[in-house]
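The values are calculated or read from the model by the stated rules, or taken from the named source; none is laboratory data. Model, not experiment: these values are computed from the prediction. FYI the Cβ positions are ideal-geometry reconstructions off the backbone, even for glycines, and counts take in every protein chain you see. Each accessible area value is taken on the protein alone, full model and side chains, heavy atoms only, with ligands, DNA and RNA left out. Shrake-Rupley method; radii C 1.70, N 1.55, O 1.52, S 1.80 Å.
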Amino acid sequence: MNFTEIANNRQSCRAYDSGRAVESEKLNAILETARLAPSACNGQPYHITVCRGEAAKKVGEACMGMGINRFASDAPILLVLSEQDYVKTAAFGAKVKKNDYRSLDIGILAAYITAEATAQGLGCCILGWLNDGKIREICGLNAPIRLVITIGYAADETLREKKRKPLSELVSEVE
Ligand SMILES: Cc1cc2nc3c(=O)[nH]c(=O)nc-3n(C[C@H](O)[C@H](O)[C@H](O)COP(=O)(O)O)c2cc1C
């Protein structure tokens, strides 16, 4: 798949084939691609915790509530993206320029992970609705939990029509 094909094929997967495990080569490919994600000052101010088995079930449950993310514990793998400290130069830039580079870095990381998962034929979903305290406890982390990504084989691979703003609304030009 080239990048355009990956972008067209990636969609949030909210129903997983719970009986089908993810091959470790595929998970490794995702993690290797995640390693290549760019970040401010190349600081990579994040950590990825791979959750499987009981931990995956518990983290999935910690992403549920008010009827949201009920599917989260059906995925065989959950990746927890937590914050790490900025490197000094990025911390300086963030302060002087009042820009939250770390959130941008974690967003780009999530984009790389979901793109590679798609290229590997897997379904995935980014979860921002999560219980920070519970996930810290389950994963033994002492840092803000920013995103969780569910990964597994989709129960239904039908591609949905993408609903997006038209380019006319999204893009403008100045000369
Ligand atoms: C930062 C972020 C947080 C999200 N949180 C959730 C979530 O908690 N639960 C969920 O089902 N989808 C979540 N999504 C998925 C979006 O709803 C989804 O990407 C968007 O509606 C576009 O649909 P698509 O991914 O199928 O193209 C999140 C996406 C992003 C980027």
Within region 111-175, DSSP-loop chymotrypsin sites (Phe, Trp or Tyr not before Pro) with at most 14 other C-beta atoms within 10 Å are Trp129
Extension length gain for Ala111 and Leu141 (0.36 nm per residue less Cα distance), in nm, is 8.5 nm
Taking R0 as 41 Å and r as the Cβ-Cβ distance between Ala7 and Lys95, the FRET efficiency 1/(1 + (r/R0)^6), rounded to the nearest 0.05, comes to 0.75
Of the convex hull enclosing the alpha-carbon atoms of the chain, the direction-averaged projected area in nm² is 12.4 nm²
Connecting every pair of Cα atoms under 10 Å apart in the chain and solving the GNM, the largest mean-square fluctuation among Lys165, Lys88, Lys98 falls on Lys165
Stokes-Einstein D for region 1-47 (10 °C, 1.306 mPa s, Kirkwood Rh from Cα pairs), in µm²/s, comes to 118 µm²/s
In region 1-50, the GluC sites (Glu not before Pro) that sit in a DSSP loop and have at most 14 other Cβ atoms within 10 Å of their own Cβ are Glu23
Averaged per residue, the 1.4 Å probe accessible area of the chain, protein heavy atoms only, in Å², is roughly 60 Å²
With all protein chains present, the chain has a carbon and sulfur share of its accessible area (1.4 Å probe) in percent of 51 percent
